[in-house]
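**Q** Got a structure for you, written out below as structure tokens; questions coming shortly.
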Amino acid sequence: MILGASSFAGNFSEIASELQSVELYMPKLGVYENSILQQDILESILDELSTLDLQTSLHAPYFADVPTYPKDVVVDTADMGEREFRLIRESIELASKLGSRAIVLHPGRFNHDYEACFNRMVANLKVLADYAGDCGVMLGLENKEGTSTGNMCCNAEELVKAVTAVNSDNLGATFDIGHANLTCGGDRAKLHEFAKKLAPYVIHVHVHDNGGFWTNDYDGDEHLAPGSGIIDYSALKELKGYRGIYNMEVFSIEDVRSGKETIKKALGIV
């Protein structure tokens, strides 16, 4: 089992002291200015990373309409132009350079014409998957939380439909158990079924906790330390044969320390 944490959980040295992997969260690494990748800042970060024994994954830019998300790197995979394709290609190229195990992509948003939005997303993902194939990396399309209106691919069936429609060896699924818990309304049996349906397509995993219902704070997507909410992490056992990264999307190294013990216990690892 490979345990990791997102780069916003702490500095690289702290993460390396606790875990085997770090997920480079591209929107908030501070490497973009007015949508332009600042190579000097990126190289400084990579120099630091090269001194540590850490595997990597990447989280590509995505759509978010919140004050804390930088507007110059917003990407809706159902509505992409030249700028958006460039932003995702840059994540793919960096992942190839680092030998990263996965690149996380968010599904697109939909409006009154769901089918048209879904089809545009699939067409865009096909282009990105082809480029990922050229670069020798894997993309993982993430399930989003059903408590937020406008998200596509909230349930397992819809995410599987998108992945199979793209039909690429370089696109699988990122199983986000926190998002799935919200979509399932905190129901343990439904969460297990969600994981079981998605399992054959999973190439990456996100782990965090919540209360299982909508709140005013990020639609309930609280990203608490595993064990701080209601999630039944034994649902991870439904991912039969999975050997990739379990990446904790939490906000402090303290959450990392407590969360990793919760995950190990759930998976029966001492």
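**Q** Give me, ordered by chain and number, the residues 5 or more places off Ala78 or on other chains with an amide H under 5 Å from its own placed amide H.
**A** When sequence neighbours closer than 5 places are left aside, the close amide H contacts are Gly108, Arg109.
**Q** Further, regarding this structure: To make sure I understand the rule: partners must be lysines, Cα under 22 Å from the Cα of Lys71, and not fewer than 8 residues away in the same chain. Which ones qualify?
**A** The qualifying lysines are Lys28, Lys144.
**Q** Continuing with this model, one more query. Restricting the count to DSSP beta bridges whose residues both fall in the chain, what percent are antiparallel, rounded to a multiple of 5?
**A** Given both bridge residues lie in the chain, the antiparallel proportion sits at roughly 10 percent.
**Q** Taking every Cα atom in the stretch 42-102, find the radius of gyration and the maximum pairwise distance Dmax, and write them in Å.
**A** Expressed in Å, the Cα Rg and Dmax of the stretch 42-102 come to 13.4, 38.
**Q** Can you show me the helix-derived [θ] at 222 nm for the chain, built from DSSP H runs with n ≥ 4 at -39,500 (n - 2.57) apiece and divided by the number of residues, rounded to the nearest 500.
**A** -12000 deg cm²/dmol
**Q** Next question. Need one word for the stretch 1-64: rounded, prolate or oblate. Basis is the Cα gyration tensor (sqrt eigenvalues a ≥ b ≥ c); a/c below 1.5 gives rounded, then a/b vs b/c decides.
**A** Since a/c reaches 1.5 but b/c is at least a/b, the shape of the stretch 1-64 is classed as oblate.
**Q** Shifting gears a bit: When only Cα pairs under 8 Å and 6 or more residues apart are kept, what is the percent relative contact order across the stretch 1-105?
**A** 26 percent
**Q** Still on this structure, I have one more. Once phi is turned into ³J(HN,Hα) by the Karplus curve 6.51 cos²θ - 1.76 cosθ + 1.60 with θ = phi - 60°, what whole-Hz value does each residue of the stretch 217-224 show in order, with x for glycine and proline?
**A** Each residue's phi maps through the Karplus curve to give 8, 6, 6, x, 7, 7, 6, 7 Hz.
**Q** Of Gly268, Ala64, Ala225, which is farthest towards the positive pole of the chain's charge dipole, taken about the Cα centre with +1 and -1 on the beta-carbons of Lys, Arg and Asp, Glu respectively?
**A** Looking along the dipole axis, the top candidate is Gly268.
**Q** Percent of alpha carbon pairs in the stretch 120-184 separated by more than 14 Å?
**A** Every Cα pair in the stretch 120-184 considered, those over 14 Å come to 55 percent.
**Q** Based on C-alpha coordinates, I'd like the Rg and Dmax of the stretch 176-270, in Å.
**A** My reading of the Cα-based Rg and Dmax gives 12.4, 37 Å.
**Q** While we're looking at this one, here's another question. Give the whole-number value, in cubic angstrom per residue, of the convex hull volume spanned by the C-alpha atoms of the stretch 52-162.
**A** Measuring per residue, one finds 123 Å³ for the Cα hull of the stretch 52-162.
**Q** Next question. When the Cα centres of the stretch 87-132 and the stretch 1-55 are compared, how far apart do they sit, in Å?
**A** That distance is 21 Å.
**Q** Moving on to the next point. Could you pull out every residue, at least 5 positions away or on a different chain, whose amide H is within less than 5 Å of the one on His59? Hs are placed 1.01 Å off N in the peptide plane, and Pro or chain starts have none.
**A** Placed amide hydrogens put Leu24, Tyr25, Met26, Val104 under 5 Å from His59.
**Q** Work out, step by step, the length gained on full extension between Ile2 and Ala189: first 0.36 nm times the residue separation, then minus their alpha carbon distance; give nm to one decimal.
**A** Fully extending the segment from Ile2 to Ala189 adds 64.7 nm.
**Q** Could you sort 194-200, 34-40 so that the peptide with the highest average Cβ count within 10 Å comes first and the rest follow in order?
**A** Packing order, densest peptide first, comes out as 194-200, 34-40.
**Q** Pop out the ³J(HN,Hα) list for the stretch 177-194 in order, Karplus 6.51 cos²θ - 1.76 cosθ + 1.60 with θ = phi - 60°, rounded to Hz; leave Gly and Pro as x.
**A** With coefficients 6.51, -1.76 and 1.60, one gets 5, x, 5, 4, 4, 5, 4, 8, x, x, 7, 5, 5, 5, 5, 4, 5, 4 Hz.
Values quoted throughout were computed directly from the atomic coordinates according to the rules given, and no laboratory measurement underlies them. Keep in mind it's a predicted model, so treat the numbers as computed, not measured. Here Cβ is always computed from backbone atoms with ideal geometry, including for glycine, and neighbour counts include all displayed protein chains.
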